[in-house]
Amino acid sequence: MKSMSSDHTDDTRQLVEVDLGVRSYPIHIGTGLLRDAGLLRPHIRGRQVCVVSNDTVAPLYLDTVCQALAGFDTTQFIFPDGEEFKTLDTVSTLYDHLLGANFGRSATLIALGGGVVGDMVGFAAATYQRGIDFIQIPTTLLSQVDSSVGGKTGVNRPQGKNMVGAFYQPKCVLADCATLDTLPDRELKAGLAEVIKYGLINNREFLHWLDANLDSLLARDRQALAHAIRVSCEEKAAIVAMDEREGGIRAILNLGHTFGHAIETAMGYGNWLHGEAVATGMVMAAAYSQRQGLLSQADAEYVRTLIGRAGLPVIPPDTIDADTFISLMSRDKKADSGRIKLILLEQLGKAFVSATVETEDLAAFLAPGL
Ligand code: NAD
Ligand code: GLY
């Protein structure tokens, strides 16, 4: 993983490389990148391109992307906005659109939107005619710092999130900070949860930078956002380069996610945003780390305070009882034959995978009033 500042005229411009041998790719970060045809074109092999987006993002940015694609045979596929549309049904409709347009194996899909669009387009690209190229243009903070990077693609099933999918890397990622101008506040904060995650799992210095610059990030200061996106992408790229298919260390990227996915599933997709559920999940993981004698009370409190200051929820819904939590957490993809694994913190800035979670102890931790 390398990174550098790549343009003198745009002082938010950054380049991070995901180092995966023949599957390596650049992440371009900056302002106004959607208009920069020169960033997109080198990553498109054939003539056929399909830009996939949803009915919220398309009216905002689709024309700009299509203008940058002048000269290609470009089609558009727009589906309704929402986590509930991250399904095999939507992917199936996309396959039919591509088949109807006679898309062949040199075609490229472009995902324009947040993590829902990116995860689904990546999965469609991985499977259409056994695999075609795709490019990520993430337009939420969460997708710019997390979901567009690292090649996890997939769709939800009623039994759980992202239960069907593939590891499949994009050809490039364009993270245009200017698209964050139109992002609702609640979504910005949800993205901050994943940014804070990188500080907690592997970069204490960044955690302190976030603590000091939280107000600038919440005020959408472009420089602060570009810095946060760059460091987040560097952290993720380094971990993915070590463990692309999550045989080990990559699992630490799931800090807070085992609790968080249980919250999302129990509450119904879309009621709690993914980032909100992860935020509360990270507070719970820190508290559980304290219970295990790993973190001090002050450190666990630091996590709760920082996440609360970011405007994110720090307490799980009281409608989810301990049994429901345990049942949903046992279905987590990290669980081994139903045995729950958690990402815990041995200190601020250092996470590890705990394979020794005792269900009874976890149930006691999750019981009301504790
Ligand atoms: P999202 O894709 O639902 O986007 C959030 C909302 O913002 C949507 O309403 C969307 O239409 C809207 N939006 C997007 N960009 C906008 C813009 N620039 N201006 C205005 N509105 C905009 O949610 P998300 O938080 O981006 O992603 C969550 C999804 O990502 C979940 O499905 C989660 O499972 C997945 N995810 C995947 C990974 C991975 O590694 N693949 C990692 C984290 C999360
Ligand atoms: N979002 C977790 C991962 O990409 O591994």
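The values are calculated or read from the model by the stated rules, or taken from the named source; none is laboratory data. Remember, it's a predicted structure, so these values are computed and weren't measured experimentally. Please note: Cβ atoms are built from the backbone with ideal geometry, for glycine as well, and neighbour counts cover all protein chains shown. The accessibility values were calculated without ligands, DNA or RNA, using every heavy atom of the protein model including side chains. Shrake-Rupley method; radii C 1.70, N 1.55, O 1.52, S 1.80 Å.
Within the range 124-137, track down each residue that is within 21 Å of residue 19 (Cα to Cα) and away from ligand 2 (no atom under 13 Å from the Cβ).
Looking only at the range 124-137, we keep the residues that are within 21 Å of residue 19 (Cα to Cα), and these are 125-126, 131-137.
Scanning the range 124-137 gives 125, 126, 131, 132, 133, 134, 135, 137.
Quickly run through the range 173-211 and pick out the residues that are more than 9 Å from ligand 1 (Cβ to nearest atom), surrounded by fewer than 21 Cβ atoms within 10 Å (Cβ to Cβ) and not in a helix (DSSP H, G or I).
203 - this is the single residue of the range 173-211 that is more than 9 Å from ligand 1 (Cβ to nearest atom), surrounded by fewer than 21 Cβ atoms within 10 Å (Cβ to Cβ) and not in a helix (DSSP H, G or I).
Assuming residue 146 fulfils every condition listed in (1) open to solvent by 30 Å² or more (accessible area, probe 1.4 Å); (2) within 11 Å of ligand 1 (Cβ to nearest atom); (3) within 25 Å of residue 285 (Cα to Cα) apart from one, which condition is it?
Unmet for residue 146, out of (1) open to solvent by 30 Å² or more (accessible area, probe 1.4 Å); (2) within 11 Å of ligand 1 (Cβ to nearest atom); (3) within 25 Å of residue 285 (Cα to Cα): (1).
Which numbered condition trips up residue 115, out of (1) away from ligand 1 (no atom under 14 Å from the Cβ); (2) in contact (Cβ under 8 Å) with a residue 60 or more places away in the chain; (3) not charged (D, E, K, R)?
Checking residue 115 against (1) away from ligand 1 (no atom under 14 Å from the Cβ); (2) in contact (Cβ under 8 Å) with a residue 60 or more places away in the chain; (3) not charged (D, E, K, R), the one that fails is (1).
I need the full set of residues from the range 70-98 which are within 16 Å of residue 110 (Cβ to Cβ), in contact (Cβ under 8 Å) with a residue 40 or more places away in the chain and either assigned to a loop (DSSP other than H, G, I, E, B) or open to solvent by 30 Å² or more (accessible area, probe 1.4 Å) (or both), in order please.
Hit for the range 70-98 is 97, nothing else.
Got a number for residues in the range 223-244 being aliphatic (A, V, I, L, M), away from ligand 1 (no atom under 13 Å from the Cβ) and under 17 Å from residue 24 (Cα atoms)?
The number of residues fulfilling the criteria is 3.
Out of the residues in the range 53-64 that are closer than 25 Å to residue 232 by Cα and not in a loop (DSSP other than H, G, I, E, B), state the one that is least open to solvent (accessible area, probe 1.4 Å).
We begin by selecting, within the range 53-64, every residue closer than 25 Å to residue 232 by Cα; these are 53, 57, 61.
Now narrow it down to the ones that are not in a loop (DSSP other than H, G, I, E, B): 53, 61.
Numbers: 53: 0, 61: 33 Å².
So the residue we want is 53.
Listed here are the residues, each with its yes/no results for (1) within 16 Å of ligand 1 (Cβ to nearest atom); (2) open to solvent by less than 10 Å² (accessible area, probe 1.4 Å); (3) at pLDDT below 95.
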position	(1), (2), (3)
250	yes, yes, no
261	yes, no, yes
282	yes, yes, no
287	no, no, no
